[in-house]
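Presented below is the structure to which this report refers.
No value in this document is a laboratory result; all are computed from the given coordinates. Please read these numbers as outputs of a predicted model, since none were measured by experiment. Note that we place each Cβ from the backbone using ideal geometry, even for glycine, and neighbour counts take in every protein chain shown.
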């Protein structure tokens, strides 16, 4: 097993992780969210080398269904986890972070939000790779998220 720990921002009441190893972006961990969501200005995604692959994508949550765009980030790094061709939808929100990361991206991993000590710990079991595939796919007009270890093949939109 491999473990890594990231610091949580002490100010907001939400679990916001500092991603100093990935462009200094802050990300909120949302255990109830299904999709990763970019909530800041889309021009930052462009600067990070992300490519817009689809507009007018409907995402449920945020009190209903909202529209955004679907992007692919060439390589997203979260601590020891690497997500090549990381899919993320956009929806501008006023949050103290740039992105929302769902629990679905930690599928088959163990994670702990330690609010008291302001830490986020991830354990990668031996049978899982630190290289992950997270893909948002469209099936019959409904978006689905798939996250697997690198050894498993997945296809996206």
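Restricting to segment 64-78, what's the tally of residues that are over 22 Å from residue 47 (Cβ atoms) and surrounded by 15 or more Cβ atoms within 10 Å (Cβ to Cβ)? Final tally of qualifying residues: 1. For segment 1-57, residues that are touching a helix residue (DSSP H, G or I) at 6+ places or on another chain (Cβ under 7 Å) and assigned to a strand (DSSP E or B) total 1. All of 53, 44 fail the test of being surrounded by fewer than 16 Cβ atoms within 10 Å (Cβ to Cβ), touching a residue at least 24 places away in the same chain (Cβ under 8 Å), closer than 20 Å to residue 143 by Cα and over 12 Å from the mean Cα position of the chain (by Cα), apart from 53. Please determine whether any residue of segment 70-86 is assigned to a strand (DSSP E or B), under 16 Å from the mean Cα position of the chain (by Cα) and free of Cβ contacts under 8 Å to residues at least 12 places away in the same chain. Yes.
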